[in-house]
1. For a label point 7 angstrom out from the Cα of A:GLU293 toward its Cβ, which stretches of region A:42-60 have the backbone nitrogen within less than 12 Å?
2. Run the reach check for B:LYS105 against aspartates and glutamates, Cα to Cα strictly under 18 Å, same-chain hits fewer than 8 apart removed. What comes back?
3. At q = 0.17 Å⁻¹, what is the log10 ratio I(q)/I(0) for region A:134-262, with the Debye formula run over Cα points and no solvent?
4. Please state the shape class of chain B: rounded when a/c is under 1.5, otherwise prolate if a/b exceeds b/c and oblate if not, all from the C-alpha gyration tensor.
5. Counting other C-beta atoms within 10 Å, and keeping those with at most 15, which DSSP coil trypsin sites (Lys or Arg not before Pro) do you find in region B:257-360?
6. Counting only other chains, what is the mean number of Cβ atoms within 10 angstrom of the Cβ of each residue in peptide A:203-216?
7. For peptide B:25-37, compute the average count of partner chain beta-carbon atoms within 10 Å of each residue's beta-carbon.
8. Given 0.36 nm per residue, what is the gain on full extension from A:SER314 to A:ASP258 after removing their alpha carbon distance, in nm?
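The values are calculated or read from the model by the stated rules, or taken from the named source; none is laboratory data. Computed from a predicted model, the values in this text were never measured in an experiment. Here Cβ is always computed from backbone atoms with ideal geometry, including for glycine, and neighbour counts include all displayed protein chains. SASA here: full protein model, heavy atoms, side chains in, ligands and nucleic acids out. Shrake-Rupley method; radii C 1.70, N 1.55, O 1.52, S 1.80 Å.
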Amino acid sequence: MKKTIFASVLTVSALAFAGCGSEDTANTAGEDGTFEPSKGIEMVAPAGSGGGWDTTAREVARVFGETGIIDENMTVINREGGGGAIGWAYVHAKEGDAHSMFVASPPLMFVPLNGQSEHGHEDFTPLANMIADYGAFAVREDSEFEDLNDLFDQMKDDPESITVIGTSAPGSMDHMQFVRIAKAAGVDPTKIKYVSDQEGGALTAVLNGSVDVFSTGVGETIEQVRAGNIKVLGVTAEERMEGEVLSEFPTAIEQGIDESFVNWRGFFGPPGMDEAAVDYYEAKFQELSESEEFAEVREKYGWNEMYMGSEEYSEFLEGEKEEIAALLEEIGLGQ
Amino acid sequence: MDAFQGLLTGFQVALSLEGIMFVLIGVIVGTLIGMMPGLGPISAIAIMIPITYGMDPAPALVMMAGVYYGAVFGGSTSSILLNAPGISGTVATAFDGYPMAQQGKAGKALAIAAISSFIGGTVSVVLLMLLAPALSSVAISFGPPAYFALMFMGLTAISSLSEGSTIKAMIAAVAGFMVVTIGIDPQTGTQRFTFGNVNLFDGFDFLIIALGLFAVAEVCMLILNRKNRSLSDDQKLGSLKLSKADLKEMSGPVSRQSFVGFLLGVLPGAGATIASFISYIFEKRIAKNPEEFGKGSIKGLAAPESSNNAATSGAFVPLLSLGIPGSGTTAVMLGAFLVLGVQPGPLLMTDRPEIFWGIIASMYLGNVFLLILNLPLIPYLAKILSIPRPLLISLVIMFSLIGVYSISFNVFDLYMLLVFGALGFAMRIFSFPAPPFILAFILGGMMEQAFRQSMTISNGSLSIFVDTPLPLSLLLVALISLLVPAFLKWRSNRLAYKQR
């Protein structure tokens, strides 16, 4: 019964896949106040396979292992659901566990601000930020708009004539990065028409002219720009990015709109993680960020380097959260 | 002759020793995973991503593609034998496949499914080869209003998907609509019917519903009817041989639905599941003997089987030519492409022709392998039905639980499987049909989103649905398919009255 054997192999691997976390939350700080992991480290991607969080977690775990920066085995597990909330709840329950962490990005802020998670970034122990990514606003190649100011002028005159599409729900990243830049340009943020398409139809709707503007990540636009299907009116980075196509994208700041948005990506531990452990991971992440191997990974995916240690990260997140909360309040999505 | 040259390159990749080996591995793994109720290609490909890391991208992707269409090919087996859909694309296969198996024609049903799958898969690969570059414009031709119209057209079939009481069919459909609204509403971010339970934020995965309403409910019925011995005698394998009449009967649906399935597969978001339902309904609508559908009709089995396989190849059009994943599985494949350092999109064909054409050429090969693998296996597969009933029941329950758990490794989903199993059982007992529930669940979510996207874009004006030819013509087709049967019925009634 080949079928049965195969099934049992699969079952076992599925169980192994899911059940890697053990419940050991003992304080493992050494006697001299330093920390060394004493067993495998569980890295949670609060989403399914193949997405941004999963890829980041897997690449980081791989490079940690291959370079030997962290000797202990690092296993990535997927805890999918609720836009991240299920994974966050899972890690939150591991209070004080120094062998557990998860990958996060701005949804860790947006989702709780939208009232869809009990846990926000302040409920976890920030370890380090690793990567910066930026948003891009794209239109069809033959669009009348040549730059962001063309678009925003039109939106000031007739806000009903422009529809923006993104993948995330209103109040989350694709929406709010656009609102933030548009507001700085003088557009009434309460009048921005935004639709969400989570079935992969957002780019389609821009290409066939159903909607006008695509608010997305820079990486999603490169191939389409190279193929001459769309043009990027502006990106949310502070300075021009580097790279073959990327360096052609003007920033909003260059166009006289003094605002930016960074899609940060970093790592958090459970609440109450020991300070010695935080110091340990912080240093290891810094080493990883500076390594040649990780530079290759960044280049492969078009990510930018943005290392922040635990404390700096915390302060940065506080500032971001205040700004986003005020913006959500203004457009009537505040909780 | 760019495409021809490209195809030659592709066959060089696919017909190399390495290529053949990975196609073979892919389709074998795919078939096996597809055969097991609930286990689908998504988790299989996800598990493969870390394994293929560092591999040459062409064979790795050829293998993953093989898993995908292999699973759709194999998924029909458990739908037919156990009424437990192997994957979501083969739910409609159970409508007529399972009754056929119960009538002692399991072997025949499996053979029809395999041949229909093969033809659907092959026709669509040929279309993919010839038209992939040109079809990218078809893939983006559907905006939100057109999607709404397409889903609406599909829904007009609810009444025709049920036997007996239309009112009960409508009640089942409304229940399907209600269930699909559970979760966070994408257009506003509002929680609907979640009761603050984080496990409900994403709504229900289609497989939970399908396995609950079909597999678990079927198991309950088997337990209830355990004294009924008629199914446990040995005639149930039946002959494998298809008569000329059988082949003739399936030729129409297969040739039509291979094209329909392919086109629906090309549309992002539609995919194999929706394609199989629409093809089933299509054939039932035009059949001379629609009353046979749902009772073991060859047409009703051949239509979804050719369509879901064709749609699977079709789904590669937006992925390969636009970089747009049209379904959950292709979204995971997109991730696999990126991990292997390949950017799918409009430039893939020129930048990496060996990958673009290699995948397409390998699918031709893979479909041949699948047919060769599956046909001789049929007698052995059909023996599953000879497994003692208590063991079989336990196996179906176990596989359903594993399948649901593997979706997102969440125990809550297992309870939900049991809840929908109980619902499905109750529906059986009180003779509410399950297909309208399933159809409303599949189409309802996309239909609602497309409607509301359209309303935002048009600032609330309904004219957006009739301003452009595409949604208008789809809505007209929907209207005709609603009115014509009613008119025909009225006319025949009147004729009968006159004759009297």
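1. Residues A:59-60 qualify, since their backbone N sits under 12 Å from the label point.
2. Output for B:LYS105: B:ASP96, B:ASP233, B:ASP234, B:ASP246, B:GLU249, B:GLU292, B:GLU305.
3. -0.79
4. Rounded, since a/c falls under 1.5.
5. Answer in residue order: B:LYS288, B:LYS295.
6. Mean inter-chain Cβ contacts per residue within 10 Å come to 5.
7. Across B:25-37, the average partner-chain Cβ count within 10 Å equals 1.
8. Gain on stretching A:SER314 to A:ASP258: 17.8 nm.
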